[in-house]
Amino acid sequence: MSSRGRFVKQQGLSVVEVMVAMLLSLILIGGVIQVFATNRVVARTQSESARVQENGRIALDILTDEIRMAGFQGCTNLDQVVPNSIVSPAGSVNFTSDNAINGYEYSGGSWTPALTTPPANVVDGTDLVEIRAASCTAYLTGQMSTDNANIQIGVNNTCDFQAGDIVVISDCQSADIFKATSVSEGGAKTTIAHANSTNTTNRLTKPYGTDATVSKYEVVQFYVRENAYGIPALYEARGVDGSTVTELVEGVEDMQATYGEDTNNDGTADAYQEAANVANWSNVVSARLTLLLQSAEDEVTSTKQTYTFNGTTTTATDNRLRQEMGSTVLLRNRVN
């Protein structure tokens, strides 16, 4: 009689089996971690790229909206009517086709061309664009009785005129610039005075009527500087003295501008020049802007990025993401 063999139940795993299982587990966990890390890097890169592009679009939208209105004074352009400025002291405020738009280059602590009222802390090697324009529009509620009469507009004062503002009044034949001595509301109207105390005279070119517009005279400089966190940003300095400084868009590392000159009076640019090479600012009909945007966060790229900006290839010194963006702006008040 034959006897059946007995199966012995295994009581555990051998050392080799345990080591193989651990190795497989480590490989699996490592793969999961690698996928997670890769996805995290990709997500971060995509997020920063989207943020860079968004900042670039916002910056270009702001610049485009402002620059295209350079030289605006109401019904006529500066080539047809040059405003008569009575602001005191004489010659302190002028509005002509020569200064509706101007460009400047900052390098080594100096400006080319020379800039009378430069902003502070501009990033070396960047450009500054300066424009002058009448902004916001109100209408006279009645005919001025004399050329030195106060100006009266609607009671709501939607343009928020204040005493001390530089104001442009114009119709299709004449224009004047003055400093508002006082602004008061009452009797369903807002009254703007232009007395001798803030002007060389209280007399305008003529008594304006209800077809005239009243606007604020704006001088705006756009430039690049570092903000309080050490990140470069697009800034504006607003006002005749540039005293109102505002950060517009973070992450703008550089701004370069060239200006399209119309040399044959056909309304289109014949050549784009850097600011130092513009022969006649009255002939500038467009501006070409190029911005270099950087990510707010460092360590976005695995290696130092090599990028091209304004025709020059550069290798970054950090691991931020960078991108060039640009736009060409047509000056509406220079094109007939």
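The values are calculated or read from the model by the stated rules, or taken from the named source; none is laboratory data. Predicted model only: the values in this text are computed from it and were never measured. Cβ sites come from the backbone with ideal geometry, for glycine too, and all protein chains shown count toward neighbours.
A compact table of results
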{"quantity": "Subset of the stretch 235-288 [under 19 Å from residue 113 (Cβ atoms) and basic (Lys, Arg)]", "calculated": "288"}
{"quantity": "Residue in the stretch 314-336 that is nearest to residue 70 (Cα to Cα), counting only those that are touching a helix residue (DSSP H, G or I) at 6+ places or on another chain (Cβ under 6 Å) and buried (at least 21 other Cβ atoms within 10 Å of the Cβ)", "calculated": "329"}
{"quantity": "Breaking point among (1) closer than 30 Å to residue 174 by Cα; (2) surrounded by fewer than 14 Cβ atoms within 10 Å (Cβ to Cβ); (3) modelled with pLDDT of 95 or more; (4) hydrophobic (A, V, I, L, M, F, W, C), for residue 193", "calculated": "(2)"}
{"quantity": "Residue in the stretch 302-311 that is buried (at least 17 other Cβ atoms within 10 Å of the Cβ), touching a strand residue (DSSP E or B) at 6+ places or on another chain (Cβ under 9 Å) and in a loop (DSSP other than H, G, I, E, B) present", "calculated": "yes"}
{"quantity": "Answer residue from the stretch 54-103, given it is closer than 21 Å to residue 330 by Cα and among the acidic types (Asp, Glu) and is farthest from the chain's Cα centre (by Cα) among those", "calculated": "79"}
{"quantity": "Any hit, the stretch 65-81, residues being crowded, with 16+ Cβ neighbours inside 10 Å, in contact (Cβ under 8 Å) with a residue 12 or more places away in the chain and in a helix (DSSP H, G or I)", "calculated": "yes"}
{"quantity": "Breaking point among (1) under 20 Å from residue 235 (Cα atoms); (2) modelled with pLDDT of 95 or more, for residue 183", "calculated": "(1)"}
{"quantity": "Count of residues meeting criterion [charged (D, E, K, R), outside any strand (DSSP E or B), at pLDDT 95 or above and within 31 Å of the chain's Cα centre (by Cα)] in the stretch 121-164", "calculated": "1"}
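Conditions (1) surrounded by fewer than 19 Cβ atoms within 10 Å (Cβ to Cβ); (2) part of a strand (DSSP E or B); (3) not aliphatic (A, V, I, L, M), marked per residue:
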| site | (1), (2), (3) |
| --- | --- |
| 229 | yes, no, yes |
| 233 | no, yes, no |
| 240 | yes, no, no |
| 246 | yes, yes, yes |
| 265 | yes, no, yes |
| 268 | yes, no, yes |
